[in-house]
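Below you'll find the structure, written out as structure tokens, and then a few comments.
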Amino acid sequence: MEISPDKPTEIEICSASVFYGKERILENLSLSIKEQRVGFIGRNGSGKTTLLRILAGLQELNNGKVLIDGIEVAKKRKEAIKKVGIIFQNPDHQIIFPTVGEELRFGLTQLGLSKNEADLKVIACLKQYDKVDWFERSISTLSQGQKHLVCLLSVLLMKPRVLLLDEPFTGIDIPTQLKLEHYLSSLKQTIIHVSHVPETFENYQRLIWMDEGIIQADGSPKTVIKKYRTAMKNYDEKTI
Ligand code: ADP
């Protein structure tokens, strides 16, 4: 499952705004991303998930546009699903089929593969992770961490150039998290990762701190984490 982009993926968010009713979630956000490992950090409700949704083309914008390698993801859906894969915070919101094999096959058939072609790829992928016995397995028998792995594999099988992760380790035990982190660090495609846990991003190339839909800091994880921690501490002291 090696993915080696011939050139870096280019992500452009151009003056993007999202409102729910009168509530501003993102306003006039512009960002250009070429790095392969980028994190977004911020308090709950700061707009991080909304940002991932606009990158996946799943969220309607009130203004602006999002381009991935020049493709407007909200408008060119068929091309977008080849370019971008998203893993939601809760695997139960992502998984739709009763068995692992069916779940993994689905994305591939959406890309135009026949059932047989898709199954060959699914079995090869499961073999690679020593999970070939999962093919017939009922999703309901899997742990949360194992379900996360199914979501991750289903997205990876589609070979997107950009992988969007929304708090992918929530509710996962430490050994499973370490295993998933190992899988992810071996991947060559762009990863945009949302979390409120600063340590997650220590080895990333770029970290962006968001609050109330606005970028508060953008740069090296070391610098941004320091600013973020100081702000959170001051915020805490003000609210106690
Ligand atoms: P984060 O991922 O940083 O926790 P979100 O992007 O999920 O933030 O949410 C940002 C804000 O948008 C929050 O105030 C949330 O309540 C609001 N929000 C998210 N989805 C909806 C929705 N479908 N309808 C109304 N408000 C929403």
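The values are calculated or read from the model by the stated rules, or taken from the named source; none is laboratory data. Quantities reported herein were computed from a predicted structural model and do not represent experimental measurements. So basically every Cβ, Gly included, is an ideal-geometry build from the backbone, and we count neighbours across all protein chains shown. These area figures cover heavy atoms from the full protein model, side chains too; ligands, DNA and RNA do not enter into them. Shrake-Rupley method; radii C 1.70, N 1.55, O 1.52, S 1.80 Å.
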>> If I filter the stretch 15-26 for residues that are more than 13 Å from the ligand (Cβ to nearest atom), of a type in the set (Gly, Ala, Ser) and open to solvent by 60 Å² or more (accessible area, probe 1.4 Å), do I get at least one hit?
In response: no
> If you check Lys179 against the conditions, is it more than 20 Å from Lys48 (Cα to Cα) and either surrounded by 14 or more Cβ atoms within 10 Å (Cβ to Cβ) or at pLDDT 85 or above (or both)?
Replying inline: yes
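Can you tell me which residues in the stretch 28-48 are surrounded by fewer than 18 Cβ atoms within 10 Å (Cβ to Cβ), within 12 Å of the ligand (Cβ to nearest atom) and at negative phi?
Taking the stretch 28-48 as the starting set, the residues that turn out to be surrounded by fewer than 18 Cβ atoms within 10 Å (Cβ to Cβ) are 28, 30-32, 34-35, 43-45.
After this cut, where a residue has to be within 12 Å of the ligand (Cβ to nearest atom) as well, the list is 43-45.
Residues satisfying the conditions are Arg43, Asn44.
Just one of Ile172, Ile191 is surrounded by 18 or more Cβ atoms within 10 Å (Cβ to Cβ), in a loop (DSSP other than H, G, I, E, B), more than 16 Å from the ligand (Cβ to nearest atom) and not basic (Lys, Arg); which is it?
Numbers: Ile191 fails: in a loop (DSSP other than H, G, I, E, B).
That would be Ile172, the only listed residue that is surrounded by 18 or more Cβ atoms within 10 Å (Cβ to Cβ), in a loop (DSSP other than H, G, I, E, B), more than 16 Å from the ligand (Cβ to nearest atom) and not basic (Lys, Arg).
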> Just for the stretch 93-108: of the residues that are at pLDDT 90 or above and under 19 Å from Leu163 (Cα atoms), which one is surrounded by the fewest Cβ atoms within 10 Å (Cβ to Cβ)?
Replying inline: Phe106
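Looking at the stretch 66-137, what helices (runs of 4 or more DSSP H) fall wholly within it and have at least 1 residues that are within 23 Å of Val194 (Cβ to Cβ)?
Numbers: elements: 77-83, 100-110, 115-128.
Of the helices (runs of 4 or more DSSP H) lying wholly inside the stretch 66-137, those with at least 1 residues that are within 23 Å of Val194 (Cβ to Cβ) span 77-83, 100-110.
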> Is one or more of the residues making up the stretch 150-161 surrounded by fewer than 17 Cβ atoms within 10 Å (Cβ to Cβ) and hydroxyl-bearing (Ser, Thr, Tyr)?
Replying inline: no
>> Give me the residue from the stretch 194-231 that is exposed (fewer than 14 other Cβ atoms within 10 Å of the Cβ) and in a helix (DSSP H, G or I) and, out of that set, modelled with the lowest pLDDT.
In response: Glu199
